[in-house]
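Below is one structure, written out as structure tokens; comments come after it.
The values are calculated or read from the model by the stated rules, or taken from the named source; none is laboratory data. Keep in mind it's a predicted model, so treat the numbers as computed, not measured. So basically every Cβ, Gly included, is an ideal-geometry build from the backbone, and we count neighbours across all protein chains shown.
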Amino acid sequence: MSTTSQPQESLGPRAVLTMLVLAVLWGTNMAMVKLAAGQLPPIFQAGLRSALAAACLWAWMRYRRIPVFPNRVVTGHGLVLGMMFGLEFGLLYPGMMLTSVARSYLLLYTSPFFVAVGAHFWLPGDRLTRLKTTGLLLAFAGLVVLFAQGLGGFSARALLGDVLSLLAGALWGATTLYLKRFLGQRALAVQTLFYQLFFSAPPLLVASLILENPSTASLTGFGAFSLFYQSVIVAFVSYLAWFVLILRYPASLVQAFTFFTPVAGVLISGVWLLGEPVSLRLFLALLLTSLGLFLVNRPAGQPASAAK
């Protein structure tokens with residue numbers, strides 16, 4: 001079962017717009033997780049999110065008559081993906097509670113570097129060029145500029161959160177590479193997403209029972225909205241769009257556009273919700289990130305004036 005089109009060197013306008021929308025949704029999601037932590041423990045949130053989104057996806061697949069487990073090979077790779085996905089969020093959500101949002105963002109979004117290096121060696125046709133490397137570094141520099149004021153406050157607690165966030169970024173990258181390498185030509189985007197959600201929910205909920213106390217969870221109106229946002233809007237709708245892009249375009253190219261997510265998060269939580277002014281620091285971060293992704297998305301050997 002082939003799910004990919006011919007290899008493409010750059011994202012078209014529709015794909016870029018989709019990634020920008022995803023950046024806004026994901027930037028808001030991290031704020032939702034942290035704000036709801038007082039009602040729902042973080043790993044418990046991740047487990048519930050996976051379970052609810054998997055239920056939505058299963059219903060959608062049944063309605064569309066898409067086979068859930070087409071064969072043993074696909075199911076086996078799906079199980080591995082689900083374990084990796086669950087471990088990623090099992091590390092990320094507690095890490096966010098231990099360190100600052102700025103540090104967590106920066107360390108999680110080292111993921112494009114892991115994907116770019118891994119793709120160079122393991123994914124045919126997805127090479128790490130000098131131009132792409134320059135673009136990645138510029139985009140990451142934009143995040144450093146954006147969060148420079150929030151990188152202080154070193155402590156043992158923050159260090160543990162930093163390590164967990166960095167490991168989550170590495171796992172995000174590894175999951176993308178594994179998906180592209182082993183399921184890119186075997187499964188549909190909707191199937192790969194279902195496996196990650198379905199197989200990650202049980203270990204996350206068990207980990208919550210061991211490491212947290214989910215019996216203390218309470219759900220008010222905001223907590224319920226946060227859970228709906230994380231499960232339906234992000235894990236069901238936006239992740240499905242993400243996997244369609246991952247299967248269709250070079251993995252390193254799509255992953256690079258996630259650099260916009262932290263910038264979108266700051267714009268939404270700071271500028272829009274809190275009414276903070278657009279600072280020079282935010283403007284410079286946007287400029288560096290945009291320039292970096294322009295270079296990443298420029299096809300090899302194409303002059304800048306002709307780039308999409």
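The set of residues in segment 65-84 being part of a helix (DSSP H, G or I) and free of Cβ contacts under 8 Å to residues at least 60 places away in the same chain consists of R72, G76. Tally the residues that are in a helix (DSSP H, G or I) and either among the small types (G, A, S) or closer than 22 Å to L211 by Cα (or both), restricting the search to segment 18-53. Residues meeting the conditions: 21.
Per the conditions (1) touching a residue at least 24 places away in the same chain (Cβ under 8 Å); (2) among the polar types (S, T, N, Q); (3) over 21 Å from A241 (Cβ atoms); (4) in a helix (DSSP H, G or I), the sole criterion not satisfied by S215 is (1). Scanning segment 115-133 for residues that are hydrophobic (A, V, I, L, M, F, W, C) and part of a helix (DSSP H, G or I), we see that the one that is surrounded by the most Cβ atoms within 10 Å (Cβ to Cβ) is V115. Exactly one residue among G169, G223 is in contact with a helix residue (DSSP H, G or I) (Cβ under 8 Å, 6 or more places away or on another chain), under 30 Å from A285 (Cβ atoms) and in a helix (DSSP H, G or I), and that residue is G169. Mind checking whether some residue in segment 99-114 is in a helix (DSSP H, G or I), at pLDDT below 90 and either more than 19 Å from the chain's Cα centre (by Cα) or surrounded by fewer than 20 Cβ atoms within 10 Å (Cβ to Cβ) (or both)? Yes, segment 99-114 contains a residue that is in a helix (DSSP H, G or I), at pLDDT below 90 and either more than 19 Å from the chain's Cα centre (by Cα) or surrounded by fewer than 20 Cβ atoms within 10 Å (Cβ to Cβ) (or both). For segment 134-152, a residue qualifies if it is out of contact with any Phe, Trp or Tyr (no Cβ under 8 Å at 6 or more places or on another chain) and either at pLDDT 85 or above or part of a loop (DSSP other than H, G, I, E, B) (or both), and the qualifying residues are T134, L137, L138, A141, V144, V145, L151, G152.
The listed residues are A264, A241, and the only one of them that is of a type in the set (A, V, I, L, M), in a helix (DSSP H, G or I) and surrounded by 18 or more Cβ atoms within 10 Å (Cβ to Cβ) turns out to be A264.
Being more than 29 Å from A102 (Cβ to Cβ), of a type outside the set (V, I, T), surrounded by fewer than 21 Cβ atoms within 10 Å (Cβ to Cβ) and under 21 Å from the mean Cα position of the chain (by Cα) holds for only one residue in F199, F194, F182, and it is F182.
Restricted to segment 172-212, and to residues there that are part of a loop (DSSP other than H, G, I, E, B) and of a type in the set (A, V, I, L, M), the residue that is nearest to P112 (Cα to Cα) is L183.
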